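The values are calculated or read from the model by the stated rules, or taken from the named source; none is laboratory data. No experiment lies behind these values; they were computed from the predicted model shown. Glycine also receives a Cβ, built like all others from the backbone with ideal geometry; neighbour counts cover every protein chain displayed.
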Amino acid sequence: MARSVSTRSKVLNTAVAGTLGFLMVFPILWILILSLKTEEDAIRAPLEVLFNSGWTFDSYGAVQARSDYFKHFFNSVIISVGSTFLGLMIAIPAAWAMAFVPGKRTKDVLMWMLSTKMLPPVGVLVPIYLIFRDTGLLDSRLGLTLVLMLINMPIIIWMLYTYFREIPGEILEAARMDGASLRSEILYVLTPMAVPGIASTVLLNIILAWNEAFWTLNLTAAKAAPLTAFIASYSSPEGLFYAKLSAASIMAIAPILILGWFSQKQLVRGLTFGAVK
Amino acid sequence: MGRIQLKQVKKSFGECTVIPPLDLAIEDGEFTVFVGPSGCGKSTLLRLIAGLEDTTSGMIEIDGTNATLLPPAKRGLAMVFQSYALYPHMSVRKNIAFPMKMAGVNEAEQTKRIYAAAKALNLTDYLDRKPGQLSGGQRQRVAIGRAIVREPTAFLFDEPLSNLDAALRVGMRLEISELHKRLKTTMIYVTHDQVEAMTMADKIVVLQAGGIEQVGSPLELYKTPRNRFVAGFIGSPKMNFIEGAEAAQHNAFAIGIRPEHIDVSITHGQWQATVGVAEHLGSDTFLHVHGVPGCDPMTVRGGGDIAVNHGDTVWLTPDPQHIHKFDAEGLRIK
């Protein structure tokens, strides 16, 4: 029997859900509003900001004039996409091995990998900084790509491992009987079957890498600085420039927001992949 | 050619020995069925031949060549799985083409073989569909098609009909038998269903606990089972075993009589019994009766028009020509 829902509870649920949704989106909405104000207006009382001041795109122009947005944007794209795909190259075979030919210690290795995510990054900042300094990787896109690939690797392997475990082993055995080498088996059979899972792994890791701030702020200066460093540059000792900071933030999050918007279906499908047979 | 020989093949998983050392020869062109109850090691044995499992010791020879350490792809065998194991992201055409693509067969030859297989298996209209859009029977035919185009030295079937409904199973059983007659390729077929084994096999290998109980043609196994296990496993409904005084009269620990070798009468006979359940199938009637000393209940097969029901008294007479005698170890007494 279908559950009957009264109109009153429908209204109540909608109101509660709407309020929660609004509260969650409010900071981003407020940043958007501030980015469309002058610096003087942006520091006024909230109600005045809303109803007693004009609207302008000047902050966006100022931000682009002061720091090259597109340079940072391309750095972000290269670092996040690069680290994710480089990670996949290593993670797909690793997850394949763990899912289909597990050893006695596979579970331990998985837990160990996850445990590295529990370590505060600042704990390894000094050694990594020194390694980067000595190998010339400081402030380079290659260096940042490598470090982001490494810190996201446990998540990539864990996600792929979970998806791969949903794939019946008999299909891979059939591929083996059909004459497929290990490479062909992964390339032609396993990977296409795991596409929803791989796609959501890719998306999630691009988002994580895009928003990563600790390593990007500590290991870059001018050349390889991505959008996170670009935003941070607006919080300076000379004072806070709310309007410009907001404009920079909007410019930094817009690409990933758009990507997330268009891929949310894929993302949800991937994250719930295999939950229901 | 497709002669497969197992020499002292053994398989253990850790401490547990699933298949004790075993010898078996499968001749070229033979349809061999491995049959036995669940967990008897028949699928493991097939997987050892396929190369999907490594042998613990012993040797597997295919056409005289030692194949023990060869990977599955190099053994020249094709396998059909219980779950069909089709590639869900590929169309039927691509599924069938996959082994040829892996073997580097040229496009023209691929197309030729795909159409030949599709025609033989009634799949021509479905070549562009994905496996998800096919019925169970069609999927199994695609799996067979994928095996045929490889032109293997032998086909391996791992309970291929278990996932199909009863009517489809009978149809597919015939199709596989016809395929064997046409291709004349060695086939090894694993099943737990003795009816499949009896109807399809040239040679049946009865397995229990990893060991071979008996190897022979279906009729050999039916007529002269080596022990009580084989006698009980082959034949449907299963053989009745009588122990005690009745068996002692035949100088045996136990005697076995198949349901079809007992005459049923409502007026006279050797044993008096009461009908527990009567199954009227139209062509036959199976009676499960009580009261025969040393065998309770006993199953007998009567004619289709025998009019007895629960609680009725019947008289049973075994056919002395078809009484099987067994000793205390369960072995056949000749």
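Residue check: is A:Glu39 out of contact with any strand residue (DSSP E or B) (no Cβ under 8 Å at 6 or more places or on another chain), more than 25 Å from A:Ile207 (Cβ to Cβ), in contact (Cβ under 8 Å) with a residue 12 or more places away in the chain and not basic (Lys, Arg)?
So A:Glu39 passes the test.
Looking at segment A:129-163, which of its residues are assigned to a helix (DSSP H, G or I) and more than 22 Å from the chain's Cα centre (by Cα)? Step through it out loud before you land on a result.
First pass over segment A:129-163, keeping only residues assigned to a helix (DSSP H, G or I): A:129-135, A:141-163.
If the condition is that a residue be assigned to a helix (DSSP H, G or I) and more than 22 Å from the chain's Cα centre (by Cα), then A:Tyr129, A:Leu130, A:Ile131, A:Phe132, A:Arg133, A:Asp134, A:Thr135 are the ones that fit.
Hey, A:Pro196 hits all of (1) at pLDDT 85 or above; (2) within 14 Å of another protein chain (Cβ to nearest Cβ) but one; which does it fall short on?
It is condition (1) that A:Pro196 fails.
Residues in segment B:296-307 that are surrounded by 11 or more Cβ atoms within 10 Å (Cβ to Cβ) and not in a loop (DSSP other than H, G, I, E, B): how many?
Matching residues across segment B:296-307 total 5.
Kindly indicate which of A:Ala247, A:Ala225, A:Ala229 is buried (at least 20 other Cβ atoms within 10 Å of the Cβ), in contact (Cβ under 8 Å) with a residue 12 or more places away in the chain and not in a helix (DSSP H, G or I).
On the way: A:Ala247 fails: not in a helix (DSSP H, G or I); A:Ala229 fails: not in a helix (DSSP H, G or I).
Of A:Ala247, A:Ala225, A:Ala229, the one residue that is buried (at least 20 other Cβ atoms within 10 Å of the Cβ), in contact (Cβ under 8 Å) with a residue 12 or more places away in the chain and not in a helix (DSSP H, G or I) is A:Ala225.
Any residue at all in segment A:191-201 that's of a type in the set (S, T, N, Q), in a helix (DSSP H, G or I) and crowded, with 21+ Cβ neighbours inside 10 Å?
First pass over segment A:191-201, keeping only residues of a type in the set (S, T, N, Q): A:191, A:200-201.
In the following step, the residues that additionally are in a helix (DSSP H, G or I) were identified as A:191, A:200-201.
With the extra rule that they be crowded, with 21+ Cβ neighbours inside 10 Å, the set shrinks to A:200-201.
So far as segment A:191-201 goes, yes, one or more of its residues are of a type in the set (S, T, N, Q), in a helix (DSSP H, G or I) and crowded, with 21+ Cβ neighbours inside 10 Å.
Which fully enclosed strands (runs of 3 or more DSSP E) of segment B:223-267 have 1 or more residues being touching a strand residue (DSSP E or B) at 6+ places or on another chain (Cβ under 7 Å), surrounded by fewer than 21 Cβ atoms within 10 Å (Cβ to Cβ) and of a type in the set (Ser, Thr, Tyr)?
Working: elements: B:240-243, B:254-257, B:262-265.
Qualifying strands (runs of 3 or more DSSP E): B:262-265.
Among the listed residues A:Gly54, A:Gly61, A:Gly21, which satisfies the condition of being under 29 Å from A:Ala224 (Cα atoms) and of a type in the set (Gly, Ala, Ser)?
A:Gly61 is the lone residue from the list that is under 29 Å from A:Ala224 (Cα atoms) and of a type in the set (Gly, Ala, Ser).
Search segment A:125-153 for residues that are assigned by TED's automatic domain parsing to the domain that holds A:Trp210 and pair each with any residue that is of a type in the set (Lys, Arg) when their beta-carbon atoms are under 6 Å apart and the residues are at least 6 apart or on different chains.
A:Asp139/A:Lys223
Taking B:Tyr87 and the conditions (1) among the aromatic types (Phe, Trp, Tyr); (2) without any contact (Cβ under 8 Å) to a residue 60 or more places away in the chain; (3) within 26 Å of B:Asp28 (Cα to Cα), which numbered condition does it fall short on, given that it satisfies the others?
The one condition B:Tyr87 does not meet is (3).
Restricting attention to segment B:102-113, which residues are more than 8 Å from chain A (Cβ to nearest Cβ) and in a helix (DSSP H, G or I)? Lay out the reasoning, then the answer.
Let us first name the residues in segment B:102-113 that are more than 8 Å from chain A (Cβ to nearest Cβ), namely B:104-113.
Within segment B:102-113, B:Glu107, B:Ala108, B:Glu109, B:Gln110, B:Thr111, B:Lys112, B:Arg113 qualify.
Answer with yes or no whether A:Leu190 is under 18 Å from B:Leu86 (Cβ atoms) and more than 8 Å from every other protein chain (Cβ to nearest Cβ).
Values: under 18 Å from B:Leu86 (Cβ atoms): yes; more than 8 Å from every other protein chain (Cβ to nearest Cβ): yes.
So A:Leu190 fits the description; yes.
Can you tell me which residue within segment B:41-67, out of those that are polar (S, T, N, Q) and outside any loop (DSSP other than H, G, I, E, B), is farthest from the other protein chains (Cβ to nearest Cβ)?
Residues of segment B:41-67 that are polar (S, T, N, Q), as a first pass: B:43-44, B:55-57, B:65-66.
Among the residues that remain, those that are also outside any loop (DSSP other than H, G, I, E, B) are: B:43-44, B:57, B:65-66.
On the way: B:Ser43: 11, B:Thr44: 13, B:Ser57: 22, B:Thr65: 17, B:Asn66: 19 Å.
Among those that are polar (S, T, N, Q) and outside any loop (DSSP other than H, G, I, E, B), it is B:Ser57.
Quick one: B:Pro218 ticks every box in (1) under 21 Å from B:Pro318 (Cα atoms); (2) under 16 Å from the mean Cα position of the chain (by Cα); (3) free of Cβ contacts under 8 Å to residues at least 24 places away in the same chain bar one, so which box is it?
That leaves (1) as the condition not met.
Select from segment B:283-334 the residues that are among the aromatic types (Phe, Trp, Tyr) and within 31 Å of the chain's Cα centre (by Cα) and list them in ascending order. Can you show your working first?
Step one: list which residues in segment B:283-334 are among the aromatic types (Phe, Trp, Tyr), which gives B:286, B:315, B:326.
Listed by number, the residues that qualify are B:Phe286, B:Phe326.
Which residues, counting only those in segment A:75-100, are under 13 Å from the mean Cα position of the chain (by Cα) and buried (at least 18 other Cβ atoms within 10 Å of the Cβ)?
A:Ser76, A:Ile79, A:Ser80, A:Gly82, A:Ser83, A:Thr84
Conditions: (1) modelled with pLDDT of 90 or more; (2) closer than 22 Å to B:Gly244 by Cβ; (3) not polar (S, T, N, Q). B:Val292 meets all but one. Number of the miss?
Here B:Val292 meets the rest and fails (1).
Restricting the search to segment A:35-74, which residues are aromatic (Phe, Trp, Tyr) and either in a helix (DSSP H, G or I) or surrounded by 14 or more Cβ atoms within 10 Å (Cβ to Cβ) (or both)? Spell out how you get there, then give the answer.
In the first step, residues of segment A:35-74 are kept if they are aromatic (Phe, Trp, Tyr); the result is A:51, A:55, A:57, A:60, A:69-70, A:73-74.
Passing the criteria: A:Phe51, A:Tyr60, A:Tyr69, A:Phe70, A:Phe73, A:Phe74.
Within segment A:142-187, track down each residue that is of a type in the set (D, E, K, R) and within 14 Å of chain B (Cβ to nearest Cβ).
Matches in segment A:142-187: A:Glu166, A:Glu170, A:Glu173, A:Arg176, A:Asp178, A:Arg183, A:Glu185.
Return the total of residues in segment B:68-98 being in contact with a Gly (Cβ under 9 Å, 6 or more places away or on another chain), more than 8 Å from chain A (Cβ to nearest Cβ), assigned to a loop (DSSP other than H, G, I, E, B) and closer than 19 Å to B:Leu127 by Cβ.
Residues in segment B:68-98 being in contact with a Gly (Cβ under 9 Å, 6 or more places away or on another chain), more than 8 Å from chain A (Cβ to nearest Cβ), assigned to a loop (DSSP other than H, G, I, E, B) and closer than 19 Å to B:Leu127 by Cβ: 1 in total.
Residue by residue, here is whether (1) within 28 Å of B:Lys10 (Cβ to Cβ); (2) at pLDDT 90 or above holds:
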residue	(1), (2)
B:Arg139	no, yes
B:Ala154	yes, yes
B:Asp158	yes, yes
B:Asn163	no, no
B:Arg169	no, no
B:Thr185	yes, yes
B:His192	yes, yes
B:Val206	yes, yes
B:Gln214	yes, yes
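Taking segment B:24-42 on its own, how many of its residues are under 15 Å from B:Gly211 (Cβ atoms) and either touching a Pro at 6+ places or on another chain (Cβ under 9 Å) or in contact (Cβ under 8 Å) with a residue 24 or more places away in the chain (or both)? Let's see the steps before the verdict.
If we filter segment B:24-42 for residues that are under 15 Å from B:Gly211 (Cβ atoms), which is where we start, we get B:24, B:34-37, B:39-42.
With the extra rule that they be either touching a Pro at 6+ places or on another chain (Cβ under 9 Å) or in contact (Cβ under 8 Å) with a residue 24 or more places away in the chain (or both), the set shrinks to B:24, B:34-37, B:40-42.
Selection size over segment B:24-42: 8.
Considering each residue of segment B:167-201, count those that are polar (S, T, N, Q), assigned to a helix (DSSP H, G or I) and surrounded by 21 or more Cβ atoms within 10 Å (Cβ to Cβ), and give that number. Step through it out loud before you land on a result.
Start the filter on segment B:167-201 by keeping residues that are polar (S, T, N, Q), which leaves B:177, B:185-186, B:191, B:194, B:199.
With assigned to a helix (DSSP H, G or I) added as a condition, the list becomes B:177, B:194, B:199.
In the following step, the residues that additionally are surrounded by 21 or more Cβ atoms within 10 Å (Cβ to Cβ) were identified as B:194.
Result for segment B:167-201: 1.
Please enumerate the residues belonging to segment B:308-334 that are of a type outside the set (Asp, Glu), assigned to a loop (DSSP other than H, G, I, E, B) and surrounded by 10 or more Cβ atoms within 10 Å (Cβ to Cβ).
Quick first cut of segment B:308-334, residues of a type outside the set (Asp, Glu) only: B:308-311, B:313-318, B:320-326, B:328, B:330-334.
Subsequent filtering for residues that are assigned to a loop (DSSP other than H, G, I, E, B) retains B:308-311, B:323, B:328, B:330, B:333-334.
Selection gives B:Val308, B:Asn309, B:His310, B:Ile323, B:Gly330, B:Ile333.
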